[in-house]
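Notes to accompany the following structure.
The values are calculated or read from the model by the stated rules, or taken from the named source; none is laboratory data. Please read all numbers here as calculations on a predicted model, not as lab measurements. Quick reminder, even Gly has a Cβ in these numbers, built from the backbone with ideal geometry, and neighbours come from all protein chains shown.
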Amino acid sequence: MNARLSMLFALAFVIVAMPALASTQVCYNGVATIPANCTGGTITQDAISGTCRKLVCANGGNSVQALACDKPDIGTKIYFEMYKQSSSGVTPTLCIDGSCIQNNGYVKSSNYPICIGNTTSPPNGEVANVTILSDLATEQNRVFACETPFNLTAIDWYVNNTKVFHKDNTTQNPLWPTMTHFYNTFPGNGTYKVTCNATNGSRNASGSIIVNINTPLTPAEISHYQKTLLGK
């Protein structure tokens, strides 16, 4: 086994348990829809082209033009970068969320999802605890569990705020180990938020976990590892 393959079992992966978020919080997974603002001028142009966004902020002879693009160019988008293309006069400050361009020529955002708003627990819900049961990442797989303070009858799972799976008493497969488990294959390296929303009809609970998938192995190395070491 070479040195890079041995790193398979030392994959960097950060997990932070979080309570459910109030409806006042909005999360974004692309630069196109994140609110932008400008200090010292007014946004006069905001145009989307592919995975990039061009913004112009002006106030008389004072202006700044910037281009913001989701990165990396290929695969799952993890963050955005913003570049100053031109400026004149006293340069206004142009921001997308907390990433700003003024006298600097470049800024990199935090990783997606970028969430804006309050992060308090919902008043009519209870907190669920999301945990990881399996973290073997040769194929970017994880098995999650949602622990609730009551016996649930239905559960929805979300990845980066997109609903991906539903289970209830009518769809429960006898072969599944438990109603509370969820298996997911992530599309690639990146930061993901996994959320469970559970109910028993009269009580509701929600919880989330942030998972950072980061394997140094290339697809070819993963395939080689599976065939030579795991016999797949």
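Could you identify the single residue in Tyr192, Tyr225 that is buried (at least 18 other Cβ atoms within 10 Å of the Cβ), over 25 Å from Cys115 (Cα atoms), modelled with pLDDT under 85 and of a type outside the set (S, T, N, Q)?
Tyr225
Kindly provide the set of residues from the stretch 39-51 that are surrounded by fewer than 19 Cβ atoms within 10 Å (Cβ to Cβ) and either among the small types (Gly, Ala, Ser) or modelled with pLDDT of 95 or more (or both), ordered by number.
Within the stretch 39-51, Gly40, Ala47, Ser49, Gly50 qualify.
Checking the conditions here, which among Leu67, Leu55 is in contact with an Asp or Glu (Cβ under 7 Å, 6 or more places away or on another chain) and either free of Cβ contacts under 8 Å to residues at least 60 places away in the same chain or surrounded by fewer than 18 Cβ atoms within 10 Å (Cβ to Cβ) (or both)?
That would be Leu55, the only listed residue that is in contact with an Asp or Glu (Cβ under 7 Å, 6 or more places away or on another chain) and either free of Cβ contacts under 8 Å to residues at least 60 places away in the same chain or surrounded by fewer than 18 Cβ atoms within 10 Å (Cβ to Cβ) (or both).
Of the conditions (1) at pLDDT 80 or above; (2) surrounded by fewer than 17 Cβ atoms within 10 Å (Cβ to Cβ); (3) touching a strand residue (DSSP E or B) at 6+ places or on another chain (Cβ under 7 Å); (4) within 20 Å of Ile213 (Cβ to Cβ), Glu147 fails just one. Which one is it?
So Glu147 meets the others, but not (4).
Exactly one condition in (1) under 15 Å from Cys146 (Cα atoms); (2) more than 17 Å from the chain's Cα centre (by Cα); (3) modelled with pLDDT of 70 or more is not met by Pro177; state its number.
Exception for Pro177: condition (3).
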